[in-house]
Amino acid sequence: MELQIFRPPSFAGTMVFLVRSRVQQWKNQCRFSASTMLSGHRFYSTEKNDALPSLKQLSDAKVIYAAAPALGHNKEAHPESSARVPAIVTALEQMELTSKFRGSDVLELQNFHLASVDDVASVHAKAYVFGLEKAMDQASEQGLIVIDGSGPTYATSTTFHESLVAAGAGLALVDSVVAASKNQLDPPTAFALIRPPGHHAIPEGPMGFCVFGNVAIAARYAQRVHGLKRVFIIDFDVHHGNGTNDAFFEDPDIFFLSTHQAGSYPGTGKIDQIGKGAGEGATLNLPLPGGSGDTAMRTVFDEVIVPCAQRFKPDIFLVSAGYDGHVLDPLANLQLTTSTYYMLASNIKQLAKDLCGGRCVFFLEGGYNLKSLSYSVADSFRAFLGEPSLAAEFDNPAYLYEEPSDREEIEVGEAGAALEECEEIEVGEAGAATLGDYFKISGREFVNLSQDYRHGILLSVLRV
């Protein structure tokens, strides 16, 4: 389907040409050997690499990022393509958000080591990890193989290596942010511009375009290497991060919170999936009705995410940053805008500063319209820099329609009646408690409510 896209004059004219040029530049300069990969001016090594930025560089920076485009991991006409990261980097350069224009405020991490098999195996079964490595021979012979039918998820001869690069970039950014936080109260916010994405990859294998769970691997790494016991993961991709959900479903020290479109792929992320055993109450899934937009997301952030994080008291925030909820994205039906993503970036950065010394790392997940993806990531960088949003230059209100929050199909109904019968929860002016109110009062007791009751609380949040 041909998507009608608003193209601002300052951006659209050269975008396609610049992205193609960036991809070709990286491809021309790419080198492989048994232990290293040189892609452009970026050096990835299997040996442990202590050449992280200096403390002065980290102290001066407001944003630190790493780009791992996985150019060899590509399938013609597939939405999760090798053009995604180059499109973002091109936009950052064109909008003067790189160190070339911002000096020490923006720091690109160019030198980092690959994730080890042990790093990956902290989340994934070793049988899967070694099986994928072995499958590279088949991929080399055939050019491309399907490793999971959903999506589908494909692999090329470089997929295993480039997936280790992607995960390694995230670990290096965790190292950098933690190092900076030991010397300053406001460390840089980090962004791993990496692919393949990760949040659908389950412990037993790949799924939904995803190979290794980059955020999940980073969470275990933060715990194991840096002693950051309590990790809060926010996933605002339009699709439920089922892989991350499954990895930590029984872990009380990793809080996984997902906002996603109800009924979308992969069909998981129901509101009654709240953890199991010791981890009960440390998973919160918030499925949003199709058509939800900026108002719903702002309300959910204020009423749900903030009180959850405040009660959990995390040591670090990790963010699965999917930009496929944008109204222009072809794979779903939310109507978030570039300004929504600016709000999320700004508010999450502030929440991390308030609760855990500013330690926060974003990881690229979905986002398949290259223009809305690159513009939204660029505006996230502006939020990290403390600068005003330029979303108005890209967002076109003509694409938006009435959000479903006041429509008949999400009326609370019987679940709403249950809200009014409960005497333990403060009731707002409209006669219905919000999920935020409940967490402020009772915290984990939320999990003891019936599914209908929890659903009613969620819908009351969206009735704005």
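Points worth noting:
- Whenever a residue of the range 99-118 is more than 20 Å from Ala61 (Cβ to Cβ), its partners that are open to solvent by 50 Å² or more (accessible area, probe 1.4 Å) and basic (Lys, Arg), lying with C-beta atoms within less than 8 angstrom and at least six residues away or across chains, give the pairs His113/Lys48; Val117/Lys126.
- Residue in the range 207-219 that is over 20 Å from Phe362 (Cα atoms) and out of contact with any Phe, Trp or Tyr (no Cβ under 8 Å at 6 or more places or on another chain) present: yes
- Scanning the range 331-358 for residues that are open to solvent by 30 Å² or more (accessible area, probe 1.4 Å) and in contact with a Phe, Trp or Tyr (Cβ under 7 Å, 6 or more places away or on another chain) yields Leu331, Asn347, Lys349.
- Pair list, Cβ under 6 Å, 6 or more apart: the range 261-286 residue in contact (Cβ under 8 Å) with a residue 60 or more places away in the chain, other residue surrounded by fewer than 19 Cβ atoms within 10 Å (Cβ to Cβ) and of a type in the set (S, T, N, Q): Asp272/Gln451
- Residue check, Gly367 in a loop (DSSP other than H, G, I, E, B), within 11 Å of the chain's Cα centre (by Cα) and either at negative phi or at pLDDT 95 or above (or both): yes
- In this structure, Ala179 does not satisfy being touching a residue at least 12 places away in the same chain (Cβ under 8 Å), crowded, with 24+ Cβ neighbours inside 10 Å and either under 27 Å from Asp105 (Cβ atoms) or in contact with a His (Cβ under 8 Å, 6 or more places away or on another chain) (or both).
- Among the residues of the range 203-221, not a single one is among the acidic types (Asp, Glu), crowded, with 24+ Cβ neighbours inside 10 Å and on the phi < 0 side of the Ramachandran plot.
- Some residue of the range 289-298 being buried (at least 20 other Cβ atoms within 10 Å of the Cβ) and within 17 Å of the chain's Cα centre (by Cα): yes
- Single residue of the range 107-132 satisfying the filter (assigned to a helix (DSSP H, G or I) and over 15 Å from Gly168 (Cβ atoms)) that is least open to solvent (accessible area, probe 1.4 Å): Leu132
- Checking each residue in the range 226-235 for being within 19 Å of Val304 (Cβ to Cβ) and open to solvent by 10 Å² or more (accessible area, probe 1.4 Å) picks out only Arg230.
- Here the range 236-274 is the region considered, the condition is being open to solvent by 10 Å² or more (accessible area, probe 1.4 Å) and of a type in the set (Gly, Ala, Ser), and the residue that is farthest from Thr338 (Cα to Cα) is Ala247.
The values are calculated or read from the model by the stated rules, or taken from the named source; none is laboratory data. Computed from a predicted model, the values in this text were never measured in an experiment. Positions of Cβ are backbone-derived with ideal geometry, glycine not excepted, and every protein chain shown enters the neighbour counts. Heavy atoms of the whole protein, side chains included, go into the accessibility calculation; ligands, DNA and RNA do not. Shrake-Rupley method; radii C 1.70, N 1.55, O 1.52, S 1.80 Å.
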